[in-house]
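Novice: Attaching a single structure in structure tokens format; questions to follow.
The values are calculated or read from the model by the stated rules, or taken from the named source; none is laboratory data. Treat the numbers as computed from the prediction; the structure is a model and nothing was measured. Positions of Cβ are generated from backbone atoms using ideal geometry, with glycine treated the same way; all protein chains shown enter the neighbour counts. These accessible areas exclude ligands, DNA and RNA; they are computed on the full protein's heavy atoms, side chains included. Shrake-Rupley method; radii C 1.70, N 1.55, O 1.52, S 1.80 Å.
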Amino acid sequence: MIKLVRELVEPVMVVAFEGWNDAGEAASLAVDHLSNQWGARQLCALTPDDYYDFQVARPRMSVVDGAVEEIEWPTTRVRLASPPDQGRDVVLVDGPEPNMRWRSYAADLLAIARELGVTRVVMLGSLLADAPHTRPVPVTGMAAPVELGTRHGLDATTYSGPTGILGVVHQAFAQAGLDTVSLWAAVPHYVAQPPCPKAALALLAWVEDFSGVRVPLGELPEEAVSWETNVDELTAEDEEISAYVRGLEEAKDTADLPEASGDAIAREFERYLRRRDES
């Protein structure tokens with residue numbers, strides 16, 4: 001039983017997992033950003049012994065004055081944020097991808113969502129891809145019901161194959177009748193070293209769309225510009241990589257040409273107007 005001081009207002013849940021689902025740590029960075037910007041407080045945590053292999057996801061110890069002061073165990077945290085003047089609460093879930101009992105794990109998260117009154121879940125992931133760092137970060141995904149993604153102009157994923165905990169949790173929530181969205185940001189594979197603030201920023205734009213909550217960006221846009229500048233400098237030092245990036249740019253621009261108008265531009269224009277009105 002989670003103790004709440006009040007009933008939550010139209011809560012939406014935002015979820016990210018570290019590890020396989022988190023290339024460039026973009027997804028976990030996005031959730032951490034929301035937590036920091038909104039001053040989220042912890043509601044509960046899943047029992048780590050049930051879901052983690054401690055030889056794989058090792059606990060961390062803190063030593064002070066020659067003595068072990070604390071052991072920090074890997075776990076999944078559930079935090080609550082109440083963005084000011086937004087009219088709804090946001091439940092933030094994050095932690096390392098569990099190592100075992102995924103179906104039980106998904107059932108536990110679903111039980112928490114139901115207890116809190118969550119009706120919509122937005123799950124964040126990131127993957128390595130042939131994407132140029134100089135272009136907007138592609139975000140694809142899937143939604144249940146499918147019309148939810150279509151309504152927001154989400155590019156539906158065509159991927160079939162091995163999945164992480166994100167896919168398992170998505171199915172569990174969707175089958176339970178919750179509006180469920182999974183978003184995947186494409187991180188350039190040639191700059192996989194985390195963090196990737198540009199990809200986190202792209203995910204947060206979609207969190208706004210699906211949650212209906214304005215996301216304060218803080219210093220993230222400046223960090224994204226700095227990240228891109230640093231990658232520019234690194235790629236410029238190697239002509240082979242520079243040529244490879246130019247090829248990716250040409251392929252991306254050609255693929256995007258038919259979308260130079262319509263829903264994509266309309267969605268970006270709506271974001272621009274919303275931020276201008278709120279600034």
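Novice: Is it the case, given these coordinates, that Arg79 is assigned to a loop (DSSP other than H, G, I, E, B) and in contact with an Asp or Glu (Cβ under 9 Å, 6 or more places away or on another chain)?
Specialist: On the way: assigned to a loop (DSSP other than H, G, I, E, B): no; in contact with an Asp or Glu (Cβ under 9 Å, 6 or more places away or on another chain): yes.
Spelling it out, it is not the case that Arg79 is assigned to a loop (DSSP other than H, G, I, E, B) and in contact with an Asp or Glu (Cβ under 9 Å, 6 or more places away or on another chain).
Conditions tested, residue by residue: (1) at pLDDT 95 or above; (2) under 21 Å from Met13 (Cβ atoms).
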| position | (1), (2) |
| --- | --- |
| Thr150 | no, no |
| Leu166 | yes, yes |
| Leu178 | yes, yes |
| Ser226 | yes, no |
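Novice: Here's something else I'd like to know. Could you run through the stretch 47-63 and say how many residues are touching a strand residue (DSSP E or B) at 6+ places or on another chain (Cβ under 8 Å) and either loosely packed, with under 13 Cβ neighbours inside 10 Å or closer than 18 Å to Met123 by Cα (or both)? Explain how you work it out, then say what you get.
Specialist: We begin by selecting, within the stretch 47-63, every residue touching a strand residue (DSSP E or B) at 6+ places or on another chain (Cβ under 8 Å); these are 52, 57, 59-63.
Now narrow it down to the ones that are either loosely packed, with under 13 Cβ neighbours inside 10 Å or closer than 18 Å to Met123 by Cα (or both): 60-63.
Going through the stretch 47-63 one residue at a time, the tally reaches 4.
Novice: Specify which of the listed residues (Pro84, Pro98, Pro11, Pro74) is more than 21 Å from Ala176 (Cβ to Cβ) and either open to solvent by less than 60 Å² (accessible area, probe 1.4 Å) or modelled with pLDDT of 95 or more (or both). Give the derivation first.
Specialist: Details: Pro84 fails: either open to solvent by less than 60 Å² (accessible area, probe 1.4 Å) or modelled with pLDDT of 95 or more (or both); Pro98 fails: more than 21 Å from Ala176 (Cβ to Cβ); Pro11 fails: more than 21 Å from Ala176 (Cβ to Cβ).
Just one listed residue meets the conditions, Pro74.
Novice: Return a yes/no flag: does the stretch 20-34 have any residue that is open to solvent by 20 Å² or more (accessible area, probe 1.4 Å) and not in a helix (DSSP H, G or I).
Specialist: So far as the stretch 20-34 goes, yes, one or more of its residues are open to solvent by 20 Å² or more (accessible area, probe 1.4 Å) and not in a helix (DSSP H, G or I).
Novice: Which of the residues belonging to the stretch 43-63 are part of a strand (DSSP E or B) and free of Cβ contacts under 8 Å to residues at least 12 places away in the same chain? Step through it out loud before you land on a result.
Specialist: Here is the first cut: in the stretch 43-63, the residues part of a strand (DSSP E or B) are 43-45, 60-63.
Within the stretch 43-63, Met61, Ser62, Val63 qualify.
Novice: Given the conditions (1) in a strand (DSSP E or B); (2) touching a residue at least 24 places away in the same chain (Cβ under 8 Å); (3) more than 20 Å from the chain's Cα centre (by Cα), report the number of the one that Met100 does not fulfil.
Specialist: (1)
Novice: Scanning for something open to solvent by 10 Å² or more (accessible area, probe 1.4 Å), outside any helix (DSSP H, G or I) and without any contact (Cβ under 8 Å) to a residue 60 or more places away in the chain, does the stretch 163-183 turn up at least one residue? Steps first, answer last, please.
Specialist: We begin by selecting, within the stretch 163-183, every residue open to solvent by 10 Å² or more (accessible area, probe 1.4 Å); these are 163, 167-168, 170-172, 174-179.
Checking the rest, the ones that are also outside any helix (DSSP H, G or I) come to 163, 176-179.
The next check asks that each one be without any contact (Cβ under 8 Å) to a residue 60 or more places away in the chain; those that pass are 163, 177.
Yes - at least one qualifying residue is present in the stretch 163-183.
Novice: So Pro138 clears everything in (1) touching a helix residue (DSSP H, G or I) at 6+ places or on another chain (Cβ under 9 Å); (2) at pLDDT 95 or above; (3) open to solvent by 30 Å² or more (accessible area, probe 1.4 Å) except one condition, right? Which one?
Specialist: Of (1) touching a helix residue (DSSP H, G or I) at 6+ places or on another chain (Cβ under 9 Å); (2) at pLDDT 95 or above; (3) open to solvent by 30 Å² or more (accessible area, probe 1.4 Å), only one is false for Pro138: (2).
Novice: A further question on this structure: If you check every pair at least six apart or on different chains, which have Cβ atoms under 8 Å apart with a residue in the stretch 64-84 that is free of Cβ contacts under 8 Å to residues at least 60 places away in the same chain and within 27 Å of Asp108 (Cα to Cα) first and a residue that is of a type in the set (A, V, I, L, M, F, W, C) and open to solvent by 80 Å² or more (accessible area, probe 1.4 Å) second?
Specialist: Filtered contacts from the stretch 64-84: Glu70/Met61; Ile71/Met61; Glu72/Met61.
Novice: Considering only residues that are surrounded by fewer than 23 Cβ atoms within 10 Å (Cβ to Cβ) and not β-branched (Val, Ile, Thr), which ones fall in the stretch 114-130?
Specialist: Residues satisfying the conditions are Arg114, Glu115, Leu116, Gly117, Arg120, Leu127, Leu128, Ala129, Asp130.
Novice: Does Val90 qualify as being under 16 Å from the mean Cα position of the chain (by Cα), over 28 Å from Tyr244 (Cβ atoms), surrounded by 15 or more Cβ atoms within 10 Å (Cβ to Cβ) and in contact (Cβ under 8 Å) with a residue 12 or more places away in the chain? So that I can check it myself, show each step before the final result.
Specialist: Working: under 16 Å from the mean Cα position of the chain (by Cα): yes; over 28 Å from Tyr244 (Cβ atoms): yes; surrounded by 15 or more Cβ atoms within 10 Å (Cβ to Cβ): yes; in contact (Cβ under 8 Å) with a residue 12 or more places away in the chain: yes.
Yes; evaluated as a whole, the condition is true for this residue.
Novice: Do any residues in the stretch 121-134 that are free of Cβ contacts under 8 Å to residues at least 12 places away in the same chain and part of a loop (DSSP other than H, G, I, E, B) have Cβ atoms under 8 Å from those of residues that are hydrophobic (A, V, I, L, M, F, W, C) and open to solvent by 10 Å² or more (accessible area, probe 1.4 Å), where the two are at least six apart or on different chains, and which pairs are they?
Specialist: Here the result reads none, with nothing in the stretch 121-134 linked to a residue that is hydrophobic (A, V, I, L, M, F, W, C) and open to solvent by 10 Å² or more (accessible area, probe 1.4 Å).
Novice: Still on this structure: Find all pairs meeting these conditions: Cβ atoms under 7 angstrom apart; at least six residues apart or on different chains; first residue within the stretch 230-241 and closer than 14 Å to His133 by Cβ; second residue of a type in the set (A, V, I, L, M, F, W, C).
Specialist: So the pair list comes out as Val231/Val191; Thr235/Ile241; Thr235/Val245.
Novice: Considering each residue of the stretch 141-156, count those that are outside any loop (DSSP other than H, G, I, E, B) and open to solvent by 40 Å² or more (accessible area, probe 1.4 Å), and give that number. Give the derivation first.
Specialist: First, the residues of the stretch 141-156 that are outside any loop (DSSP other than H, G, I, E, B): 141-144, 146-151, 155-156.
From what's left, open to solvent by 40 Å² or more (accessible area, probe 1.4 Å): 142, 146-147, 150-151, 155-156.
Counting residues in the stretch 141-156 that are outside any loop (DSSP other than H, G, I, E, B) and open to solvent by 40 Å² or more (accessible area, probe 1.4 Å) gives 7.
Novice: Applying the selection to the stretch 7-42, what residues are free of Cβ contacts under 8 Å to residues at least 60 places away in the same chain and more than 18 Å from Val213 (Cβ to Cβ)?
Specialist: The answer is Gln42, and nothing else.
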